[in-house]
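Undergrad: Dumping the structure here so I can ask a few things about it.
The values are calculated or read from the model by the stated rules, or taken from the named source; none is laboratory data. The model shown is predicted, which means the values in this text are computed figures rather than measured ones. Because the Cβ atoms are built from the backbone with ideal geometry, glycine has one as well, and the counts that use them run over all protein chains shown.
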């Protein structure tokens, strides 16, 4: 998942919904958890809070999240540690975005990037 930091940069720099980013999220995250390709194309992750939350719940099940929609239409999102002992999720992730959906996506990617950069147990044992 080395492309995730670049995807996070694109999300934080986006000024609104972006279908190219939706397709990249679809490729990088969604297809890894979805059994069949969505025949209608990539979900509208960057424009739909429902789609972004659905992705959060699939990629980081049982995590805590919060979303704030500011009066300007921008958003702030928080994704925190999983509430059950033994669940793995790094520390809290708080992000802002041009839209609430973009803020959620940015907050989702931070722990996924940390996870992909952390050495695996088998690598540590060597």
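Undergrad: Let me spell it out: the conditions are (1) modelled with pLDDT of 75 or more; (2) surrounded by fewer than 18 Cβ atoms within 10 Å (Cβ to Cβ); (3) touching a helix residue (DSSP H, G or I) at 6+ places or on another chain (Cβ under 9 Å); (4) closer than 23 Å to residue 3 by Cα, and residue 54 meets all of them except one. Which number is the exception?
TA: Tallying (1) modelled with pLDDT of 75 or more; (2) surrounded by fewer than 18 Cβ atoms within 10 Å (Cβ to Cβ); (3) touching a helix residue (DSSP H, G or I) at 6+ places or on another chain (Cβ under 9 Å); (4) closer than 23 Å to residue 3 by Cα, residue 54 fails exactly one: (3).
Undergrad: Same structure, new question: Across segment 23-37, which residue is modelled with the lowest pLDDT among those that are in a loop (DSSP other than H, G, I, E, B) and either in contact with a strand residue (DSSP E or B) (Cβ under 7 Å, 6 or more places away or on another chain) or within 20 Å of residue 60 (Cβ to Cβ) (or both)? Please lay out each step first, then the result.
TA: If we filter segment 23-37 for residues that are in a loop (DSSP other than H, G, I, E, B), which is where we start, we get 34-37.
With the extra rule that they be either in contact with a strand residue (DSSP E or B) (Cβ under 7 Å, 6 or more places away or on another chain) or within 20 Å of residue 60 (Cβ to Cβ) (or both), the set shrinks to 34-35.
Numbers: 34: 52, 35: 41.
Among residues in segment 23-37 that are in a loop (DSSP other than H, G, I, E, B) and either in contact with a strand residue (DSSP E or B) (Cβ under 7 Å, 6 or more places away or on another chain) or within 20 Å of residue 60 (Cβ to Cβ) (or both), the one modelled with the lowest pLDDT is 35.
Undergrad: OK, next. Please enumerate the residues belonging to segment 46-82 that are more than 21 Å from residue 115 (Cβ to Cβ), in a helix (DSSP H, G or I) and in contact (Cβ under 8 Å) with a residue 24 or more places away in the chain. Break it down stepwise before answering.
TA: Taking segment 46-82 as the starting set, the residues that turn out to be more than 21 Å from residue 115 (Cβ to Cβ) are 46-51, 67-76.
With the extra rule that they be in a helix (DSSP H, G or I), the set shrinks to 49-51.
Answer for segment 46-82, where residues must be more than 21 Å from residue 115 (Cβ to Cβ), in a helix (DSSP H, G or I) and in contact (Cβ under 8 Å) with a residue 24 or more places away in the chain: 49, 51.
Undergrad: Would segment 105-114 turn up any residue that is at pLDDT 90 or above, surrounded by fewer than 17 Cβ atoms within 10 Å (Cβ to Cβ) and not in a loop (DSSP other than H, G, I, E, B)? Working first, answer last.
TA: As a first pass, look at segment 105-114 and keep what is at pLDDT 90 or above: 105-109.
Restricting the remaining residues to those that are surrounded by fewer than 17 Cβ atoms within 10 Å (Cβ to Cβ) gives none.
Checking segment 105-114: not a single residue is at pLDDT 90 or above, surrounded by fewer than 17 Cβ atoms within 10 Å (Cβ to Cβ) and not in a loop (DSSP other than H, G, I, E, B).
Undergrad: Can you find, within segment 57-78, the residue that is farthest from the chain's Cα centre (by Cα) among those that are under 21 Å from residue 26 (Cβ atoms) and surrounded by fewer than 16 Cβ atoms within 10 Å (Cβ to Cβ)?
TA: By that ranking, first place goes to 61.
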